[in-house]
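Asks: Quick one: the structure is below, questions incoming.
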Amino acid sequence: MKNSKILAQVGLVFTTLAWGATFVLVKEALNDANPFIFAFYRFLLAALAILPFAFLNDRKIFSNFNSYEIKGGILCGLLLYMGYGFQNYGLEITTPSKSAFITSMSILLVPIFVFFIKKKKINAHLWMSIVIATGGLYLLLDPSNVTIVEGQYSSESFIPNIGDFLTFGCAVFFAIHIIIQGDFVLKKINIVRFFVIQCLAVSVMSLLSAFIISDYTVDWSFQLVNGIVITGIIGTTVAIFIMVWAQKKLSPSETAIIFSMEPVFAAIFSIILGVEIFSLMQWVGGAVVVLAVIYYSLMGS
C-alpha cells in the first residue's frame, strides 16, 4: 500500500512536470499555427493515441456507449475547448510562466463555483487563500519587472496585458470543468470512452472555430509537430490517465499540493530555454501563489 502511494505521488509529479513543460512548447508552436488548429490536432492525436490500448483491453469497448458518457463527454469537451481556447490565445501575448501561474488559480476557483452551483459554504481558509494568491499575482504580473529575451514582452506600465486576462478566463473554465467532470465520473461510465468523447469534442469544435472565426494556415515546422506530439500524447493521454489512477491512491489535498508545482516547472523550463527571465519580485509573487494553493489544500479542503 505504501509503495503504491509513493508510485502515485511520483506519477503525479511526472504529470505536473509534463504539464509545466507544455507551456513553453505550446508558446513556440503557436508561431506556426493558430490556437484552434493547434487544439484540433492536439486533441485528435490524444484520442487516437488511446485507441490501440483500449482495443487490446476490450475489443468491444466502443460498442456500448451510455447517455452519461455521451452527454458528459460533450459537455466536458466544450468546457475544455473554451479553457484551452482562452489559454492558447493568452499564450500568444503573455509569457509561459505567467500563463501557468494564472491557470493554477483554477484550484481556488473550484470551491467558489461549487458555492454558486451547489450552495456549499465557503470557509474562511479559502478567502484567505484568495487574498494571498491575489497579492502574489499582483507581484507576478507586473510587466515593468519582466525582462524578456529580445524584448518581446517589455512594458513600462504597471498593468497586466490582455493575455493575462484571457488566461484567467482559462482558469475559470478549467475550474467549472473540474466540477462537472467530478459529477460525471461518479456515475456508471467507462473512463476511456468518456475521455475519447471529450477529446473528439474539443477537436471538432476547434476545427469548426478555425474555419469560422480564424483560418487554417499551418506551417508544419519541427516545433509545431513537436508541440502537438508531446502535448497530445504525453501532456494529454498519458498525463490524464496517470492522474485518474493516482487520484484513487491519494487524497484531494495531496493531489492539489503536487499540482501546485505545475507553474513552478513552467517557469523553470521557460527560463532554462531562454524564453524569459524572472525578476526577484516575480519569483516572490510566484512563490506566494503556490503557497496560497498549498495553504488551501491543507487547511480549507
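Asks: Can you give the accessible area per residue of the chain, in Å², using a 1.4 Å probe?
Replies: Heavy-atom accessible area per residue stands at 48 Å².
Asks: Oh, and also: Calculate one ³J(HN,Hα) per residue across the range 84-89 by plugging θ = phi - 60° into the Karplus curve 6.51 cos²θ - 1.76 cosθ + 1.60, and present them in order as whole Hz with x for glycine and proline.
Replies: The phi angles translate into 6, x, 5, 5, 5, 5 Hz.
Asks: Follow-up. Dipole size in debye (nearest 20) for the chain around its Cα centre, Lys and Arg Cβ +1, Asp and Glu Cβ -1? Don't skip to the answer; put the middle values down first.
Replies: On the way: 17 positive and 15 negative charges, 344 e Å.
Charge dipole, the chain, about its Cα centre: 1660 debye, nearest 20.
Asks: Which of the trypsin sites (Lys or Arg not before Pro) across the range 37-89 are loop residues per DSSP, with 12 or fewer other Cβ within 10 Å?
Replies: Arg59, Lys60
Asks: From the helices alone, meaning DSSP H stretches of at least four residues, give me the mean residue ellipticity at 222 nm for the chain, per-run term -39500 (n - 2.57), in deg cm²/dmol to the nearest 500.
Replies: -24000 deg cm²/dmol
Asks: Can you compute the FRET efficiency between Val131 and Asp183 using 1/(1 + (r/R0)^6), with r the Cβ-Cβ distance and R0 = 30 Å? Round to the nearest 0.05.
Replies: Values: r = 29 Å, r/R0 = 0.96.
Using R0 = 30 Å, I get an efficiency of 0.55.
Asks: Can you give the Rg to Rh ratio for the range 178-291, taking only C-alpha atoms and Rh from Kirkwood?
Replies: When Rh is taken as the Kirkwood radius, the ratio is 1.03.
Asks: Say each of Arg59 and Ile93 gets a label point 7 Å from the Cα, pointing the same way as Cα to Cβ; how far apart are those two points in nm?
Replies: Simple spin-label model gives 5.3 nm for this pair.
Asks: For Asn66 and Leu291, FRET efficiency with R0 = 45 Å and r from the beta-carbon atoms, rounded to 0.05?
Replies: Values: r = 42 Å, r/R0 = 0.94.
Rounded to the nearest 0.05, the efficiency is 0.60.
Asks: Percent of accessible area on the range 61-104 owned by carbon and sulfur, 1.4 Å probe?
Replies: C and S fraction of accessible area: 68 percent.
Asks: If you don't mind, another one. Net charge within 13 Å of Leu25 by Cβ-Cβ distance, Lys/Arg positive one each and Asp/Glu negative one each, not counting Leu25 itself?
Replies: For residues surrounding Leu25, the net value is 0.
Asks: Which of the three applies to the chain, rounded, prolate or oblate, going by the alpha-carbon gyration tensor with a ≥ b ≥ c and a/c under 1.5 meaning rounded?
Replies: Since a/c reaches 1.5 but b/c is at least a/b, the shape of the chain is classed as oblate.
Asks: Among residues other than Thr255 whose Cβ falls under 14 Å from its Cβ, what is the net charge (Lys/Arg +1, Asp/Glu -1)? Mind showing how you got there, number by number?
Replies: Values: positive: Lys5, Lys248, Lys249; negative: Glu254, Glu262.
Charge balance near Thr255 sits at +1.
Asks: Based on the mean of other Cβ atoms within 10 Å per residue, sort peptides 238-251, 115-128, 192-205 so the most packed one is first.
Replies: Peptide ranking by packing, descending: 192-205, 238-251, 115-128.
Asks: Taking the alpha-carbon centroid of each part, what is the distance from the range 239-301 to the range 16-52 in angstrom?
Replies: Value for the Cα centre distance between the two parts: 20 Å.
Asks: Now for a separate question. What distance in nm separates the two pseudo spin-label positions at Ile272 and Asp215, each 7 Å out from Cα along the beta-carbon direction?
Replies: With each label point 7 Å from Cα toward Cβ, the separation is 3.6 nm.
The values are calculated or read from the model by the stated rules, or taken from the named source; none is laboratory data. Please read all numbers here as calculations on a predicted model, not as lab measurements. Virtual Cβ from ideal backbone geometry, glycine too; neighbours counted across all protein chains shown. Each accessible area value is taken on the protein alone, full model and side chains, heavy atoms only, with ligands, DNA and RNA left out. Shrake-Rupley method; radii C 1.70, N 1.55, O 1.52, S 1.80 Å.
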